[in-house]
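Please treat every number below as a calculation from the coordinates, not as lab data. Model, not experiment: these values are computed from the prediction. Cβ atoms come from the backbone with ideal geometry, glycine included; neighbour counts cover every protein chain shown.
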Amino acid sequence: MVSRAKPLANEGKVADYIPGLANANPEALSIAIFQEDEKCLSAGDVEEKFTLQSISKIITLALAIMDAGEEKVFSRVGMEPTGDPFNSIAKLESMVPSKPLNPMINAGALVVTSLISGETVDEKVGRILTLVHDMTNNPTIGISHEIARSEYETSHLNRALSHFMKQHGVIEGDVEQNLETYTKQCSIEVDCKDLARIGMVLAKGGKDPDTGREIIPSYIARIVKTFMVTCGMYNASGEFAIKVAIPAKSGVSGGILSLVPNEMGIGVFSPPLDQKGNSIAGVKLLEILSSHFKLSIF
Ligand code: DON
């Protein structure tokens, strides 16, 4: 399956609007599948590390709801998909109030990050990392400070979105500190096995697959999985739901976290992206896997 998907990577382009991402190896392709009985199966360049980027948005969404409650979070960010790109500013101006359409686009994720508890950037980032450690069962995971800095210094669009929302009272607190927290959450470094285990925790309704301990309340895991289906692949979410038919969340580093409810967590990685910011070979690999093993949730 890996060798069938690999040639497609040649049609994509590694993200370079964050300078630190431009050095990624375009040839890397990996997949890991975490299942209850067989544990973790993997193939390809499984040792390759990459940053979570937008995949971090599902983790911060869960944490913000745990911290601030569902009502407060969804008073600031909507629940509807958008046909616009992930970094679009267009809808913010036409919506009254200026509430972003959903927590998976950049505007929505910036609001979500502002709702995480903590007095300082370090405290907030520490709490995000703790949740990542719990979900992956990998306490060695940290941040690529090089990529975080590279994004923070060039985040003009996210800075503009943030100031727009601050002006309209959707974001409270210091914009720069929130951007620093956001760029650090996006720069958490994982491999595809880590993604697969996070997927498995969500697949299990928020429970640790080994111990059964609740990491995320099940109603929050359900909300996160629903957003993965409706908005996880941005303005390609509809096509992905038809062709692959399982919840998934992509990131511009080329990672995709996916899952089959109750059954498995899946992590894939291949840096070249399509025009909508999703990994080309990663999507193909998930499509082949889903059709071969009949994984569709519909
Ligand atoms: O804010 C950004 O633009 C990036 N840190 C994350 C965007 C992203 O991963 C979109 N995903 N496909």
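Of all lysines in the structure, those lying under 28 Å Cα to Cα from residue 6, and not within fewer than 8 positions of it along the same chain, are 39, 49, 57, 193, 225, 243, 249, 276, 284, 294.
Structural descriptor for segment 54-186: relative contact order 30 percent, calculated from alpha carbon pairs under 8 angstrom and at least 6 residues apart.
If the chain linking residue 120 and residue 298 were pulled fully straight, counting 0.36 nm for each residue of separation and taking away their Cα-Cα distance, it would gain 59.8 nm.
Per-residue ellipticity at 222 nm from helix content only, as computed over the chain with -39500 (n - 2.57) for each DSSP H run of at least four residues, stands at -13500 deg cm²/dmol. Taking 0.36 nm per residue of separation and subtracting the current Cα-Cα distance, fully stretching the chain between residue 288 and residue 1 would add 102.6 nm.
Of the peptides 2-10, 243-251, the order by per-residue mean of other Cβ atoms within 10 Å, starting with the highest, comes out as 243-251, 2-10.
Separation of segment 196-235 and segment 16-82, taken as the distance between their Cα centroids, equals 11 angstrom.
Each peptide among 119-132, 171-184 gets the average number of other Cβ atoms lying within 10 Å of its residues, and from highest to lowest they stand as 171-184, 119-132. Between residue 49 and residue 72, full extension at 0.36 nm per residue minus the direct alpha carbon distance yields a gain of 4.8 nm.
Sequence-distant contacts, meaning Cα pairs under 8 Å at least 6 residues apart, place the relative contact order of the chain at 29 percent. The Cβ shell under 13 Å around residue 255 holds other residues with a net charge of -1, Lys and Arg each +1, Asp and Glu each -1.
Could you rank the peptides 28-37, 147-156, 258-267 by their average count of other C-beta atoms within 10 Å per residue, with the highest value first?
Working: 28-37: 21.4, 147-156: 18.3, 258-267: 23.7.
Put in order of decreasing packing, that is 258-267, 28-37, 147-156.
Taking the fewest neighbouring Cβ atoms within 10 Å as the starting point, the ordered list for 71, 27 is 71, 27.
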